[in-house]
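Structure first, then comments.
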Amino acid sequence: MRKSLIFAGLAVSVLALSGCALGSTDSPEPTAGTATSGELAGANVTVGSKEFTEQLILCEITAQRLEAQGATVKRICGMTGSATVRDAEVSGDIDTYWEYTGTGWISYLKHTEPIQNEEEQYTTVRDEDLAQNQIAWLPPAEANNTYAVAVKTETAKELGVTTLSEYAELSQSNPAEATFCGASEFFGRNDGWPGLVEAYGISLPDSGVATLAEGPIYDAVGKGDPCKFGEVFATDGRIAALGLTVLEDDKSFFPYYNLSLTVRQEILDKHPAISETMAPVTELLTTQTLQDLNAQVDVDGKTPVAVASAWLSENNLN
């Protein structure tokens, strides 16, 4: 998935901070709330994740929550690349990890066009992946880590731009004020720049568009150099930290990337309590919640383990 590749550099620094090497099977520090009895007593579960901040936090939230219900958990947090994690689940090397409905539909089930209905996309992915690969998708979270376009809040006010339609108008009337930064993958995806340009009628000269690595885009937009607008992900903690505003996707162009805990059906059949155990976690995962959690790592320098433990404690889930 797009997120796995573009966050690789960030993930390395995060993992260094947390003391957890890529593919580690051990928690980098003691986790809170481990129980010796509970709904999952006797269960052995391997939890995995991709390598970027959000996934590292979710890996720990899941592991600690399952442990709190008595499960013995093996962690493989921070595997490189979506395909690596997906293959590990399908092959049985891991039992569960958090995935995005848009990724399931487009990258794994090989459909070229996203479904522009949140619920329908989830149910279609759920049913098709279970039938083809025996992977269960538990009910999704409200959190939607989709593509978005952001601008410095002060700049948005100065230019009077709050929606993507208004941004398109600005690109036509004053392209020098509508400069845009994106990652190379975004510029090559139908659900990225080419489709966005077509859907909204954006018109910029080549000089008004810059290709950057994903991480630097946030800083570039914050500084307004070399671009005033840029591609971001909706749950990234740097949006608030850098004082950025996400433009409203008023034509609902971008696909849905709702989070769902995926579980091998074989494991779910053995331990159906996994679904009930994780349901309260899913219910609390909003886009804003993930922005806050991600910021605690990316901005405040905390470890994913510590952030997960504190959040579970705050919500009486460990």
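The values are calculated or read from the model by the stated rules, or taken from the named source; none is laboratory data. Keep in mind it's a predicted model, so treat the numbers as computed, not measured. All Cβ positions, even for glycine, are placed from backbone atoms using ideal geometry, and neighbour counts span all protein chains on display.
Apart from one condition, T163 fits all of (1) within 27 Å of T53 (Cβ to Cβ); (2) in the same structural domain as P226 (by TED's automatic domain parsing); (3) in contact with a strand residue (DSSP E or B) (Cβ under 6 Å, 6 or more places away or on another chain); the exception is (1). Looking at T101, T112, just one residue is touching a Phe, Trp or Tyr at 6+ places or on another chain (Cβ under 9 Å) and not small (G, A, S), and that residue is T101. Please work out if E67 is over 23 Å from the mean Cα position of the chain (by Cα), in a helix (DSSP H, G or I), of a type outside the set (G, A, S) and at pLDDT 95 or above. Spelling it out, E67 is indeed over 23 Å from the mean Cα position of the chain (by Cα), in a helix (DSSP H, G or I), of a type outside the set (G, A, S) and at pLDDT 95 or above.
Looking at region 291-318, which of its residues are out of contact with any Ser or Thr (no Cβ under 9 Å at 6 or more places or on another chain), touching a residue at least 60 places away in the same chain (Cβ under 8 Å) and assigned to a helix (DSSP H, G or I)? V307, L312, S313 - these are the residues of region 291-318 that are out of contact with any Ser or Thr (no Cβ under 9 Å at 6 or more places or on another chain), touching a residue at least 60 places away in the same chain (Cβ under 8 Å) and assigned to a helix (DSSP H, G or I). Quick one: in region 113-152, which of the residues that are of a type in the set (D, E) and part of a helix (DSSP H, G or I) is nearest to the chain's Cα centre (by Cα)? The extreme case among them is E118.
Note on region 254-283: among residues that are closer than 18 Å to A88 by Cβ and of a type in the set (D, E, K, R), the one that is surrounded by the fewest Cβ atoms within 10 Å (Cβ to Cβ) is E266. Taking the listed residues T103, T46, T53, T36, the one that is of a type outside the set (D, E, K, R), farther than 29 Å from Q132 by Cα and modelled with pLDDT of 90 or more is T53, with no other qualifying. Condition check for Q291 on (1) out of contact with any strand residue (DSSP E or B) (no Cβ under 7 Å at 6 or more places or on another chain); (2) crowded, with 20+ Cβ neighbours inside 10 Å; (3) over 18 Å from A150 (Cβ atoms): one failure, at (3).
Cβ separations smaller than 6 Å between residues 6+ apart or across chains give the following pairs from region 261-284 residues that are in the same structural domain as L66 (by TED's automatic domain parsing) and part of a helix (DSSP H, G or I) to residues that are buried (at least 21 other Cβ atoms within 10 Å of the Cβ) and among the basic types (K, R): V281/R65.
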